[in-house]
Structure formats: C-alpha cells, structure tokens
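Q: One structure follows; several queries about it will come next.
The values are calculated or read from the model by the stated rules, or taken from the named source; none is laboratory data. In this text, all values refer to a predicted model and were calculated from it rather than measured experimentally. We place every Cβ from the backbone using ideal geometry, glycine too, and count neighbours over all the protein chains shown.
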Amino acid sequence: MASLHASAGHRAYFYLFEREVPGKGQASLGSFHSLELPYVFGALRQPIWTWLPFEETDHKLSEVVQGYWTNFAKTGSPNSTNLPEWREFESRGQVAMEFGKNGTVAPLKRSRPTYCDVDPADLKTRLSSTKQ
C-alpha cells in the first residue's frame, strides 16, 4: 500500500514497531500487530494495559511515538527538530522508521525483503484490467 500511495505522488511514511511485550509474554507474544497503539495514545498506564510490566524505556518510546503521530496529524509530516528524521517512503529504497526492540528509534534503510517488492506500475495495470 505504501508503494502504491507513494507512486501516485502522495507522501507515505512507513514504520516497523519491533518493541516486544515486556515481562512474561515477551517470549511467546513478542511484538504483535497493534501493539504500538498504547504507545501512540499514551495509554501505558491505563487499566487495560497494566497487566504488562512496562519499563521506563516503554514510557520514553511512547513519548517519541506520540510526537511523531501528533506532528503528522498537525502538519502531514511526522518530523520535528527534536526527533530523528523520518524520511518519506519510496518504492525503490523502502526506507522505514524502526521502533526497535530495545526502544531505539532510527531509520531503517530497507524495510522489506526483496521477495516482498511490489512494482506499482505492474500492480496498477493488473488492478485496472480486472472488471468488477
């Protein structure tokens, strides 16, 4: 989706959230789809999430994530002077922001393995040739 969006001339920002569930669930759950949501909304201390033993690293990461999402909502870009630069996604380089297992935040030069590459032009042709 990011490739299609970018190839249509729109800005796209891609991320990988690698921080794992702290505590007992770390070995079995790891980092799963939507785990970033309590970080995005600053909800780590909300009762629904208190069963997880969040660490200071998680609270700091939550502040960074909230900064990016708030900037994006206000300006259409997640960037600000006090955060590492989050470069726009483009199909060739596939740069993403990585929210790492240890709470680090850094650009990742290639976010997808080669076998997941999508040629946006080919996909557009295929989609437009199917009749509904």
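Q: Among the residues of the range 11-65, which ones are among the small types (Gly, Ala, Ser) and in contact with a Lys or Arg (Cβ under 8 Å, 6 or more places away or on another chain)?
A: Selection gives Ser31 alone.
Q: Just the residues that are among the β-branched types (Val, Ile, Thr) and either touching a Ser or Thr at 6+ places or on another chain (Cβ under 7 Å) or exposed (fewer than 14 other Cβ atoms within 10 Å of the Cβ) (or both), please, taken from the range 58-94. Before you say what the answer is, go through the steps one by one.
A: If we filter the range 58-94 for residues that are among the β-branched types (Val, Ile, Thr), which is where we start, we get 64-65, 70, 75, 81.
Those that are among the β-branched types (Val, Ile, Thr) and either touching a Ser or Thr at 6+ places or on another chain (Cβ under 7 Å) or exposed (fewer than 14 other Cβ atoms within 10 Å of the Cβ) (or both): Thr70, Thr75, Thr81.
Q: I'm trying to understand the selection: among the residues of the range 25-50, which are at pLDDT 90 or above, assigned to a helix (DSSP H, G or I) and more than 18 Å from the chain's Cα centre (by Cα)?
A: Answer for the range 25-50, where residues must be at pLDDT 90 or above, assigned to a helix (DSSP H, G or I) and more than 18 Å from the chain's Cα centre (by Cα): just Pro47.
Q: Now a separate question. Out of the residues in the range 1-24 that are among the small types (Gly, Ala, Ser) and under 13 Å from the mean Cα position of the chain (by Cα), state the one that is modelled with the highest pLDDT.
A: Residue satisfying both the conditions and the ranking: Ala12.
Q: I need the full set of residues from the range 1-43 which are under 29 Å from Glu90 (Cβ atoms), aliphatic (A, V, I, L, M) and in contact with a helix residue (DSSP H, G or I) (Cβ under 6 Å, 6 or more places away or on another chain), in order please. Quick ask: steps written out before the conclusion?
A: Going residue by residue through the range 1-43, those that are under 29 Å from Glu90 (Cβ atoms) are 1-20, 30-37, 39-41.
Among the residues that remain, those that are also aliphatic (A, V, I, L, M) are: 1-2, 4, 6, 8, 12, 16, 35, 37, 40.
Those that are under 29 Å from Glu90 (Cβ atoms), aliphatic (A, V, I, L, M) and in contact with a helix residue (DSSP H, G or I) (Cβ under 6 Å, 6 or more places away or on another chain): Leu4, Ala12, Val40.
Q: In the set Phe14, Phe41, which member is in contact (Cβ under 8 Å) with a residue 40 or more places away in the chain and among the aromatic types (Phe, Trp, Tyr)?
A: Only one candidate passes the filter, namely Phe14.
Q: Another question about this same structure. Could we say that Ala73 is out of contact with any strand residue (DSSP E or B) (no Cβ under 7 Å at 6 or more places or on another chain) and part of a helix (DSSP H, G or I) here? Full working, then the answer.
A: Working: out of contact with any strand residue (DSSP E or B) (no Cβ under 7 Å at 6 or more places or on another chain): yes; part of a helix (DSSP H, G or I): yes.
It is true that Ala73 is out of contact with any strand residue (DSSP E or B) (no Cβ under 7 Å at 6 or more places or on another chain) and part of a helix (DSSP H, G or I).
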